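Here is the structure we will look at, set down as structure tokens.
Readers should treat all values here as calculations from the given coordinates under stated rules, not as data from a laboratory. Keep in mind the model is a prediction, meaning the values are calculated, not measured. Don't worry about glycine lacking a Cβ; one is built from the backbone with ideal geometry, like all the others, and counts go over all protein chains shown.
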Amino acid sequence: MKMKPLLVILTKGNLIFHRFPTEFGALTKNGRPKVSVFGKQIRGIGVVHGDLQDLPEKVKSYVEDNVKLCKPDKLHICDGSDAENQKLINIMLEQGTIKPLPKYENCWLARTNPADTARVESKTFICTEKKSETIPTPKNGAVGALGNWMSPNDMDLVVKERFNSCMTGRTMYIVPFSMGPIGSPLSKIGIELTDSPYVVASMRIMTRMGSKVMKQVKDGQAFVKCLHSVGTPSNGIVEDPSWPCDPQRTIILHKPENNEIVSYGSGYGGNSLLGKKCFALRIGSTIAKKEGWLAEHMLILGITNPKGKKRYIAAAFPSACGKTNLAMMTPSLPGYKVECVGDDIAWMRFDKNGQLRAINPENGFFGVAPGTSRSSNPIAMDTIFRNTIFTNVASTSDGGVYWEGMEKEIGSDVAITDWRGNPWSRQKNIPAAHPNSRFCTPAEQCPIIDPAWEDPEGVPISAILFGGRRPAGVPLVYEARDWKHGVFIGASMRSEATAAAEHKGKVIMHDPFAMRPFFGYNFGNYLDHWLSMENKSSNLPKIFHVNWFRKDANGKFLWPGFGENSRVLDWILRRLDGENIADETPIGLIPKKNCLNLKGIEENVNLDELFSLPRDFWLQEVKEIEKYFNEQVGDDLPKEISNQLDSLRKRITKIN
Ligand code: SAT
Ligand code: MN
């Protein structure tokens, strides 16, 4: 790698090393950048892109406050243009953050610091005056597992301690972005201040970013404040200037009262692309509660049956459980067509006719790469090889990418370099790509993007699916008896841990509504909010639970999954049409014998095992749920939900 000029800055006895890209320069005699903030003017600081005077007043004062705190050398006001993007790419190339992937068009590979590869749930906090606003009070000495709370005072201390001068030697980018189509009544705006060009380039893909959004702020729209820095370790030494970060002190804070997000120390995904989990889910859920709608960790798909009737379905699964695959499914059942509205987040509200409508607040897919292949998700493979930033995947000697699942898709003569940059061979017992490696790609490139995916009114939702990775006991699909039962099913969701966060091993974790890491307020109140939706409509979506991941005694999947999941969606759609194809069971309604369409399926499917309800398993499951509700939700658990649990227990004891 070409060496860049090395600058050593002494602050309070600490040495700080910075490698500046050559475009940097203007510093004062003592080597410190000139920063001074006077009243409404930011003087002595280079504005390298855009015009400060054009900023709306509210943005100006937000920027000013944080320039004072973070002391960047330069300011860049993002307009979202191609020319700007090219500039960012050049900077990242120069810093060694990305390298080109010449096999494809406008694709780039970023390798992170190996200590910065996933969301950090243990370092993610919601800041409210009262702890009980954020999390229910755990009982019986349990450690709270429904989010972390911090007081606003402590938040201030954390911010002062970490952000003071954290952008010295760097550029602060001012990133205006819209979550949701610009101008939709369901959309919301954010301004992210960040010192990472990687974050800016990724936000340009994942959100609608640029001048149009700034114009909306000028016209008076409120915005969510999002401050982000990759940070500098407290010893002042940036180990690897190509991916600066401060994993020791990484922290992600949310203050719903001010619609404010502050994130320090990580450049990765949900930690740094603040529109995603921080805004669209955590702050989003608090806004949604106030305004009477739902901000959920759900994909949205459109599905047309062979008769040409189209419906939309929203589905909640924990991170890295195949949401992207389902959202882009190629149905194996003839005559069906799936179209994609979104793969991760849904903002939903009932319209004046009582129809639930959803938008995808995002503009791109930040999908898990490993496991994505021509056989598992050909549509994703047709989406991601243009205008995409890959992170922590392996690379090939012919200028392409590689990950687990792509074995059949590369020539035997190409050499592979793993995600850390080391030569890799199949004999090595370690994965070539990091299990949480990602592609970040524009949604509009998806060949089956739904024609209504940017409809400002949102798409009408007919069914809601909950699901997870459940290797044992949980059948392929079951239907909730009614709305309250559906809310209970969402509340009782459990799933095997994945690589999307820092959890280790294949433990089955409670993950209510797939929102456990993303609740912006007390989960008990969240359940009340969901229950209250019942009064908003006489035409509520039906609720189902699905599980593609059940295994037999030998550890083999009982269901082929992927395109064959269209058979489950077919049953669901026929239930929406009121067909008499369901049998009551203690846990909900399951397909009547011969009513799940298996015509033409190649695998031998053991339906009896796939739909069996082992009594001991379910007694244990009820016990686990009860323990979880008691310990974690305690007095905040709505009565309706404990009633649901009681009736489930009674029904299960009757299984023989
Ligand atoms: O890393 S992200 O939070 O953006 C993705 C996910 O966990 O679903
Ligand atoms: Mn997700």
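What the table shows:
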item: Value of D in µm² per second that Stokes-Einstein yields for the stretch 538-580, Kirkwood Rh from Cα pairs, at 37 °C (0.692 mPa s); result: 269 µm²/s
item: Percent breakdown of C-alpha pair distances by 10 Å bin, ordered from the shortest bin, for the chain; result: 3, 16, 26, 26, 18, 8, 3, 0, 0
item: Separation of the residue 90 and residue 374 label points, Cα + 7 Å toward Cβ, nm; result: 3.8 nm
item: Net length gained if the chain between residue 623 and residue 583 were fully extended (0.36 nm per residue, minus Cα distance); result: 11.9 nm
item: Reachable aspartates and glutamates from residue 592, criterion Cα separation under 15 angstrom, eight or more residues apart if same chain; result: 479, 570, 579, 583, 584, 608, 609
item: Pairs from 71/188; 212/276; 504/551; 542/623 whose Cα-Cα separation, in the structure shown, is over 23 Å; result: 71/188; 542/623
item: Long-range amide H partners of residue 543 with built H, under 5 Å; result: 464, 480
item: Per-residue Cβ neighbour rank within 10 angstrom, fewest leading, 609, 291; result: 291, 609
item: Top positive-direction residue, dipole computed over the stretch 426-483 with Cβ charges, set 474, 456, 432; result: 432
item: Rh (Kirkwood; distinct C-alpha pairs) - the stretch 118-213, Å; result: 16.4 Å
item: Magnitude of the charge dipole, the chain, Cβ model with Lys/Arg +1 and Asp/Glu -1, debye to 20; result: 620 debye
item: Contour excess over end-to-end distance, with Cα ends at residue 426 and residue 653 and 0.36 nm allotted per residue; result: 76.7 nm
item: In order through the stretch 325-332: 3J(HN,Hα) via Karplus (6.51 cos²θ - 1.76 cosθ + 1.60), integer Hz, x for Gly, Pro; result: 4, 5, 5, 10, 4, 9, x, 7
item: The stretch 395-550: mean projected area of Cα convex hull, nm²; result: 13.3 nm²
item: Positive-end extreme of charge dipole, the chain - chosen from 80, 198, 61 (charges on Cβ); result: 61
item: Descending semi-axes in whole angstrom, ellipsoid equivalent of the stretch 184-271, from the Cα gyration tensor; result: 28, 15, 10
item: Calculated P(r) tail over 24 Å for the stretch 249-391, as whole % of Cα pairs; result: 40 percent
item: Estimated distance in nm for a label pair at residue 221 and residue 502, the labels positioned 7 Å out from Cα along Cα-to-Cβ; result: 3.5 nm
item: Linear extension gain, residue 143 paired with residue 643, 0.36 nm per residue minus alpha-carbon span; result: 177.5 nm
item: P(r) histogram, all alpha-carbon pairs of the stretch 211-326 included - 10 Å bins from 0, percent; result: 12, 28, 30, 21, 7, 2, 0
item: Efficiency of FRET between residue 532 and residue 608 - r from beta-carbon atoms, R0 41 angstrom, step 0.05; result: 0.55
item: Inverse mean reciprocal Cα-Cα distance (Kirkwood Rh) of the stretch 62-200, Å; result: 18.4 Å
item: Where chymotrypsin sites (Phe, Trp or Tyr not before Pro) fall in DSSP loop in the stretch 400-505, at most 15 other Cβ within 10 Å; result: none
item: Volume per residue that the Cα convex hull of the stretch 312-374 spans, once the total is divided by residue count, Å³; result: 111 Å³
item: For a label point 7 Å along the Cα-to-beta-carbon line of residue 129, residues of the stretch 142-157 with backbone N under 12 Å; result: 152
item: Above-threshold pairs, the threshold being 18 Å between Cα atoms, out of 337/408; 123/277; 277/323; result: 337/408
item: Estimated dipole of the stretch 71-190 in Debye, rounded to 20 [Cβ of Lys and Arg +1, of Asp and Glu -1, Cα centre]; result: 280 debye
item: Fraction of antiparallel bridges per DSSP, the chain only, in percent to nearest 5; result: 65 percent
item: Those aspartates and glutamates that a straight Cα-Cα span of less than 14 Å connects to residue 103, excepting residues fewer than 8 apart in one chain; result: 398, 409
item: Residue 212-residue 407 pseudo-label distance in nm [points 7 Å out on the Cα-to-Cβ vector]; result: 4.4 nm
item: Rg over Rh [alpha-carbon atoms, Kirkwood Rh] for the stretch 507-624; result: 0.99
item: Calculated from backbone phi, Karplus (6.51, -1.76, 1.60) coupling profile of the stretch 518-533 in Hz, x at Gly/Pro; result: 10, 5, x, 7, 3, 4, x, 5, 4, 5, 4, 4, 4, 4, 5, 5
